[in-house]
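The values are calculated or read from the model by the stated rules, or taken from the named source; none is laboratory data. Since the model is a prediction, treat every value here as computed from it, not as a measurement. We place every Cβ from the backbone using ideal geometry, glycine too, and count neighbours over all the protein chains shown.
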Amino acid sequence: MIDVMNFHIPDRSGIQYRQPATVAEAVKILAENKGRAAIMGGGTDLMIDLRSGEFKGDLLVDVTGIAELQGIREENGRVVIGAGVTIEELRQSPIVKDKLPALAAAADKFAGLQIRNRGTIGGNVGHAAPCGDTHPPSILYDG
Ligand SMILES: Cc1cc2nc3c(=O)[nH]c(=O)nc-3n(C[C@H](O)[C@H](O)[C@H](O)COP(=O)(O)OP(=O)(O)OC[C@H]3O[C@@H](n4cnc5c(N)ncnc54)[C@H](O)[C@@H]3O)c2cc1C
C-alpha cells in the first residue's frame, strides 16, 4: 500500500538535457556519460521513471530530432521502421496496414491519442515492459 502522506517526488532539478541531431552524435554523448544518461523518445515511460526515482541518472538525451530515426519505408522486401516513429504514425501508415496488419492492430488499441502522438516504437521496445503492445507483432514479423 502507498503511504500517501509520506509519498514525495524526488528532487530532479539537476537534470540536464541534450538534443543531438544525428545518431553518431547521440552515441558519442551516451558513451561519454555512461551510467548517468538515458535515451529519451517521447518520454511517456521515462518521465514516470524520473519522477518515481526509478531513473537515477541526470542526463536526458532526446533523440526525437534525429531524422535518421524517422520514417517507415519498404526496402528489399522488408519494412524498415525508424525507432523514433510514433505509435500514431504506425497506426496511420498505409505500409504498416498493408504489410504488417498485426502491428497496425496493436497500434490501434494502444493508449489514447496524446500518448500515441508522443510514444515511439523505440521507446516501447526500450522500456521492455512485458505488456508492451508492439512486442508480439514485432516478434511475429521477425523484427
Ligand atoms: C497513460 C499511458 C498509457 C500507456 N498505454 C500503453 C499501451 O496501451 N500499450 C503500451 O505498450 N504501452 C503503453 N504505455 C507506455 C508507453 O507509452 C510506451 O511504452 C511508449 O511506446 C514508450 O515510448 P516513448 O518514446 O515515450 O519512450 P521513453 O519514455 O522516451 O523511453 C522508454 C525507455 O526506452 C528507452 N528508449 C527510448 N527511445 C529509445 C531508442 N530510440 N533506442 C533505445 N532505447 C530507447 C529509454 O531510455 C527508456 O528506457 C502507456 C503509458 C502511459 C503514460
Every pair of residues 6+ apart whose Cβ atoms lie under 9 Å, when the first sits in the stretch 65-81 and is part of a loop (DSSP other than H, G, I, E, B) while the second is exposed (fewer than 13 other Cβ atoms within 10 Å of the Cβ) and modelled with pLDDT of 95 or more: G65/A21; I66/A21; G71/V80
The stretch 16-40 residues that are outside the structural domain of G122 (by TED's automatic domain parsing), paired with ones that are among the basic types (K, R) (beta carbon under 7 Å, 6 or more apart): I29/R18
Residue within the stretch 30-43 that is modelled with pLDDT under 95 and either within 12 Å of the ligand (Cβ to nearest atom) or part of a loop (DSSP other than H, G, I, E, B) (or both) present: yes
Candidate set: the stretch 44-59, residues that are touching a helix residue (DSSP H, G or I) at 6+ places or on another chain (Cβ under 6 Å) and either near the ligand (Cβ under 7 Å from one of its atoms) or not assigned by TED's automatic domain parsing to the domain that holds R18 (or both); chosen: the one nearest to H127 (Cα to Cα): D45
Count - residues of the stretch 126-140 that are in a helix (DSSP H, G or I) and more than 6 Å from the ligand (Cβ to nearest atom): 6
